[in-house]
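Notes for the one structure printed next.
The values are calculated or read from the model by the stated rules, or taken from the named source; none is laboratory data. Being a predicted model, the structure only gives us computed values, none of them experimental. Methodologically, a virtual Cβ is constructed for each residue, glycine included, from the backbone with ideal geometry; neighbour enumeration extends over all protein chains shown.
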Amino acid sequence: MDAASGLPTFTERSGHEKNSEVTSALAPHGYIQDFLNRDVAAKLGSGARVLDIGCGRGEGVAWLLGQGYDAYGTDVSPEYLERGRTYLATNGHDPNRLRVAVDDGRSYPFADQSFDAVVSNQVIEHVPDLDSFAKETARVSAPGAAGLHICPARWRPLEVHMRIPLVHWLPKGRTRAAAIGVGLRLGFAGSYFPDLALADRRDIFSEFSTQQTFYRPATEILRTFERHGTVADLTESSRRKLRWHGVPEPFAGAGARIYPHALSLVLHTVQLG
């Protein structure tokens, strides 16, 4: 509940899976599994140390543990993590594998060079301080550690959380709030909080868009990681994802120049020593 307005927050919407108890481990997206198989397990074995950044309830960490990885997770939400800790403890795992990222996510509770691989999926667009995110990710990564970071592209036509077209292209403030209101009025939005008045729904969506989404150009994200000793190739990362989807060359090569800007940012990284 938003104390200032008395309205529920966007993440308190009905049906949002993170608000329920964890009942089973959850396999990550197939592309993340491919990354783990090719870039991690094939080189280090399934016992590699893996960190899931922005792990939510930690059901993905539970799946990694089931595959034999030495897996941990971190998130800014103690409530989400507590649900995962309960599940881990019930299934014979150490609940301390799920830990709260402190200082608004700017500090991870792990020692330097702790991990052989780091993963974040649909997290970077929620990170207010990208430099701290990249710095901490680099700090906890061992030399040579592989990374995979996936998030919606800056110019993706549909905002993936609110399900409203184009509004995240607009500057935060009255202009974006007005556009969100139009999207809701026309039915071009997620059908969340249907029992509330339109003005209240607009305020809930607008607060979320302003306070919890931070869409950035792909090159800015890449350069931020590079400042902290992380090597990545934006085009090759995108080409690899398109090939995984079955897109043949030369179409994958051509599409890789558009994909990270208009659809999805996929960044494969290697941490320098």
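Quick look at the values:
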| read-out | value |
| --- | --- |
| Failed item in (1) surrounded by fewer than 20 Cβ atoms within 10 Å (Cβ to Cβ); (2) in contact (Cβ under 8 Å) with a residue 12 or more places away in the chain; (3) touching a helix residue (DSSP H, G or I) at 6+ places or on another chain (Cβ under 8 Å), with residue 122 passing the rest | (3) |
| Criterion violated by residue 242 - all others in (1) modelled with pLDDT under 95; (2) assigned to a helix (DSSP H, G or I); (3) under 23 Å from residue 119 (Cα atoms) satisfied | (1) |
| Positions within segment 48-88 being under 16 Å from residue 117 (Cβ atoms), touching a Lys or Arg at 6+ places or on another chain (Cβ under 8 Å) and assigned to a helix (DSSP H, G or I), in sequence order | 61, 65 |
| Segment 224-235 residues that are without any contact (Cβ under 8 Å) to a residue 40 or more places away in the chain and surrounded by fewer than 17 Cβ atoms within 10 Å (Cβ to Cβ), paired with ones that are among the aliphatic types (A, V, I, L, M) and assigned to a loop (DSSP other than H, G, I, E, B) (beta carbon under 6 Å, 6 or more apart) | 235/256 |
| Among the residues listed as 24, 14, 20, 5, the single one being of a type in the set (Gly, Ala, Ser) and over 30 Å from residue 210 (Cβ atoms) | 24 |
| Residue list for segment 16-37, filter: loosely packed, with under 14 Cβ neighbours inside 10 Å and more than 17 Å from the chain's Cα centre (by Cα) | 20, 21, 23, 24, 37 |
| Qualifying residue in segment 108-123 (condition: of a type in the set (Gly, Ala, Ser), in a loop (DSSP other than H, G, I, E, B) and within 18 Å of residue 18 (Cβ to Cβ)) | no |
| Number of the condition not met by residue 132 [criteria: (1) under 22 Å from residue 272 (Cβ atoms); (2) in contact (Cβ under 8 Å) with a residue 60 or more places away in the chain; (3) assigned to a helix (DSSP H, G or I)] | (2) |
| Some residue of segment 46-61 being surrounded by 12 or more Cβ atoms within 10 Å (Cβ to Cβ) and either aromatic (Phe, Trp, Tyr) or outside the structural domain of residue 115 (by TED's automatic domain parsing) (or both) | no |
| Residue tally, condition buried (at least 19 other Cβ atoms within 10 Å of the Cβ), within 23 Å of the chain's Cα centre (by Cα) and within 19 Å of residue 15 (Cα to Cα), over segment 161-196 | 5 |
| Test for residue 39: is it more than 21 Å from residue 267 (Cβ to Cβ), acidic (Asp, Glu) and touching a strand residue (DSSP E or B) at 6+ places or on another chain (Cβ under 6 Å) | no |
| Top-ranked residue in segment 118-160 [being among the acidic types (Asp, Glu) and closer than 16 Å to residue 224 by Cα; ranked as nearest to the chain's Cα centre (by Cα)] | 125 |
| Segment 46-75 residues that are at pLDDT below 95, paired with ones that are among the acidic types (Asp, Glu) (beta carbon under 7 Å, 6 or more apart) | 47/70 |
| Residue count for segment 125-147, restricted to those that are buried (at least 23 other Cβ atoms within 10 Å of the Cβ) and not β-branched (Val, Ile, Thr) | 6 |
| Filtered residues of segment 195-223 (kept if without any contact (Cβ under 8 Å) to a residue 60 or more places away in the chain, small (Gly, Ala, Ser) and in a helix (DSSP H, G or I)) | 199, 206, 209 |
| So residue 90, is it without any contact (Cβ under 8 Å) to a residue 12 or more places away in the chain and of a type in the set (Ser, Thr, Tyr) | yes |
